[in-house]
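Right, one structure below, let's go through it.
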Amino acid sequence: MLGLIQDRPLLISSLIEYSGLNHGDVEIVSRSVEGPIHRTNYRNVNLRAKKLAQALGKLGVELGDRIGTIAWNGYRHMEIYFGVSGMGAVCHTINPRLFPEQIAYIVNHAEDKYIFVDLTFVPLIEALKEHLQNVKGFIVMTDEAHMPESDLDNLLCYETLVEAEDGDYAWPQFDEMTACSLCYTSGTTGNPKGVLYANRSTVLHSFCVCTNDGLGVSNRDSILAVVPMFHANAWGLPYAAAMCGAKMVMPGAAMDGPSLYELMEAEEVTLAAGVPTIWMMLLGHVKENNLKFSTMKRTVIGGSAAPRSMIETFVDGHGVEVIHAWGMTETSPLGTTGNLLKKHENLSEKERTDIRVKQGRVVFGVELKITGDDGEELPRDGVAFGDLKVRGPWITSGYFKGEGGDVLDEDGWFTTGDVGTIDPDGYMQITDRSKDVIKSGGEWISSIDVENEALGCPGIVEAAVIAIPHPKWDERPLVIAVKEKDHSVTRDDVIKHLESTLAKWQLPDDVVFVDELPHTATGKLLKTKLREDFKDYTLTTA
Ligand code: AMP
């Protein structure tokens with residue numbers, strides 16, 4: 001017997017229609033590419049998203065068409081999120097930091113019909129134009145006054161398109177499983193693969209982001225989304241913010257410490273979300289200038305492991321709670337959040353941080369398990385580690401156009417490529433990417449553990465750990481680190497520092513210093529490049 005309840009589809013358009021009507025005055029503040037701070041609100045974003053849908057309809061965009069964006073976080077990008085998905089097309093966010101050949105590959109693979117481009121990225125498109133096969137036009141996200149001189153013959157102006165429409169448009173209703181957005185993973189090997197989100201999965205994910213034990217996003221928040229809108233939909237924040245009418249603050253292209261700090265203070269940011277590298281720059285600026293956060297209460301750190309020293313600086317130094325979160329493009333991306341439980345209230349701050357450094361507990365909707373080499377589930381004892389697998393209504397069921405083949409096992413589990421432990425309270429801790437783990441004399445050394453501990457050594461700004469072949473032990477860890485400017489920290493200082501927290505067999509054999517470390521397009525350490533650069537390195541212990 002089926003329940004007697006209305007079967008209304010869960011659509012992206014319902015999010016912006018809701019906030020447009022019920023939180024119309026709540027602001028969306030952006031540092032614009034043209035320069036000044038721009039202010040709009042949910043009423044206007046809903047109206048302009050509708051106008052955009054009308055304009056795209058006139059350009060021949062239909063249900064299911066892919067529409068690309070190469071853009072920073074800003075209000076026009078948000079209008080595109082809702083306008084494109086709201087009309088039933090697919091918003092394909094493109095990471096501008098990818099290699100140009102990869103950008104051309106994904107635009108062609110996605111068969112993007114139109115591409116929205118921020119002014120900054122017009123030269124990128126000009127350089128690629130010969131290689132883009134299906135694109136009918138490029139819509140520059142600016143007004144007529146700022147339209148660039150360009151040899152592209154199919155350039156359109158965003159504001160001209162929007163202003164020509166009246167906004168008298170009812171969001172269409174369609175199947176909630178209709179695709180709404182597409183994001184290619186920035187895989188470090190092979191071609192990027194597309195994760196295709198559905199209207200339903202995105203709305204369900206937004207509910208989760210808004211729960212207290214998710215990211216706790218609410219109308220009381222002013223959210224600084226530093227995580228880019230081209231990286232797993234800015235962790236779903238634009239949708240979740242619309243679901244509850246939270247103020248959104250978008251940094252545009254300026255992600256340096258001083259610009260972020262200024263925006264946080266001016267816009268009374270309460271919740272900020274970004275990867276550790278961004279917070280490293282911000283905290284550096286705050287420390288150098290002896291600054292404080294006057295309104296920030298929580299920060300979401302994810303994308304890579306949040307180092308203990310960073311968590312301590314936020315929590316102990318600034319009274320800012322850290323929500324350490326884990327997820328992937330393939331998981332929409334929220335999988336686990338490191339919120340503390342009631343039972344942790346009376347623990348010391350040190351013990352609470354022992355929990356905060358873990359990647360956290362699953363949010364409702366996601367199932368998580370670890371398995372051993374034989375595929376059997378391992379115990380949740382916080383010690384056994386194995387392949388991390390996930391399942392749930394916002395986890396991918398396969399990549400766009402079937403790339404990579406079947407990605408689910410027969411029971412519907414997706415193998416993440418991460419290795420981790422799960423403790424009896426359900427807190428998961430990533431110990432490594434399966435391909436980064438260091439196999440030394442039959443034991444596994446977590447490169448992430450060694451990196452985190454190395455970061456706590458005075459004078460070390462960033463550290464990466466890779467495996468170097470060793471005649472006796474098979475592989476041994478090498479630390480590749482960046483020093484603070486003019487700091488005299490040495491190899492021996494780092495190893496001595498690590499001796500206090502790591503077992504002897506986990507200690508790196510060597511530490512080398514470099515000026516900078518390579519990163520992927522989403523800000524993660526690019527270990528494939530480091531392995532290549534150090535492939536002839538011989539350890540002093542070998
Ligand atoms: P992406 O799809 O680019 O977001 O990358 C997802 C991968 O980032 C995951 O599979 C993890 O390897 C890594 N990752 C994400 N969040 C964390 C975290 N909090 N700690 C450690 N690794 C993380």
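Below are the figures for this structure:
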item: DSSP-defined antiparallel bridges as percent of all bridges, the range 29-150, nearest 5; result: 20 percent
item: Debye log10 I(q)/I(0) for the range 60-157, one point scatterer per Cα, at q = 0.20 Å⁻¹; result: -0.99
item: Cross-link reach list, lysines versus Lys369, counting only Cα pairs under 21 Å and skipping chain neighbours closer than eight places; result: Lys358, Lys389, Lys435
item: The range 27-39 - phi-based ³J(HN,Hα) in whole Hz, Karplus 6.51/-1.76/1.60, Gly and Pro as x; result: 7, 10, 10, 10, 7, 7, 5, 6, x, x, 6, 10, 10
item: Nearest-ten-degree value, helix 100-110 long axis tilted from longest Cα axis of the chain; result: 50 degrees
item: Phi-based couplings in Hz for the range 67-83 (Karplus 6.51, -1.76, 1.60; Gly and Pro marked x); result: 10, x, 9, 10, 7, 7, 6, x, 5, 5, 4, 5, 4, 5, 3, 7, x
item: Order by protection proxy (mean Cβ within 10 Å, highest first), peptides 84-91, 206-213, 488-495; result: 84-91, 206-213, 488-495
item: Ellipticity estimate at 222 nm from DSSP helix runs (n ≥ 4, -39,500 (n - 2.57)) divided over the chain, nearest 500; result: -8000 deg cm²/dmol
item: Spatially proximal aspartates and glutamates relative to Lys51 (Cα-Cα < 18 Å; intrachain offsets below 8 disregarded); result: Glu17, Glu62, Asp65, Glu79, Asp143, Glu144, Glu159, Glu163, Glu165, Asp166, Asp168
item: Size of charge dipole - the chain - debye, nearest 20, with Cβ of Lys, Arg +1 and Asp, Glu -1, no other charges; result: 660 debye
item: Peptide ranges 347-360, 106-119, 59-72 listed from the most packed, as the mean C-beta count within 10 angstrom indicates; result: 106-119, 59-72, 347-360
item: Residue-count net charge about Lys113 - beta-carbon cut-off 10 Å; Lys, Arg +1, Asp, Glu -1; result: -2
item: Cα principal axis extents for the range 411-542, largest first, Å; result: 53, 34, 31
item: Neighbour net charge for Gly60 - beta-carbon separation under 9 angstrom, K R +1, D E -1; result: +1
item: Neighbourhood net charge (12 Å Cβ-Cβ; Lys/Arg +1, Asp/Glu -1) for Ile438; result: -2
item: Unsatisfied cross-links (Cα-Cα over 24 Å) in the set Lys113/Lys524; Lys247/Lys287; Lys483/Lys524; result: Lys113/Lys524; Lys247/Lys287
item: Karplus (6.51, -1.76, 1.60) ³J(HN,Hα), θ = phi - 60°, over the range 315-325, in Hz, Gly and Pro reported as x; result: 6, 7, x, 10, x, 9, 6, 9, 9, 7, 10
item: Other-chain or far-sequence residues with amide H under 5 Å of Asn41's (modelled H); result: Ile28
item: Mean shadow area of the chain over all directions, Cα convex hull, nm²; result: 26.9 nm²
item: The range 327-410: translational diffusion in µm²/s, Stokes-Einstein, Kirkwood Rh over Cα pairs, 20 °C, 1.002 mPa s; result: 144 µm²/s
item: The range 222-289: Rg to Rh, with Rh as the Kirkwood radius over Cα pairs; result: 0.97
item: The range 138-230: equivalent-ellipsoid semi-axes (sqrt of 5 x gyration tensor eigenvalues, Cα, Å); result: 30, 22, 18
item: Percent antiparallel among DSSP beta bridges (both partners in the chain, rounded to 5); result: 55 percent
item: Farthest positive-ward along the range 89-155 dipole, Cα basis, beta-carbon charges - from His131, Val107, Leu119; result: Val107
item: Highest to lowest packing among 499-510, 445-456, scored as the average C-beta count within 10 Å; result: 445-456, 499-510
item: Dipole axis of the range 17-115 (+1 Lys, Arg; -1 Asp, Glu on Cβ), positive-most option in Gly74, Gly35, Met87; result: Gly35
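Every number in this text was worked out from the coordinates using simple rules, so none of it is lab data. Given the structure is predicted, the values throughout are model-derived calculations rather than measurements. With ideal geometry, Cβ positions are generated from the backbone for all residues, glycine too; neighbour counts draw on all protein chains shown.
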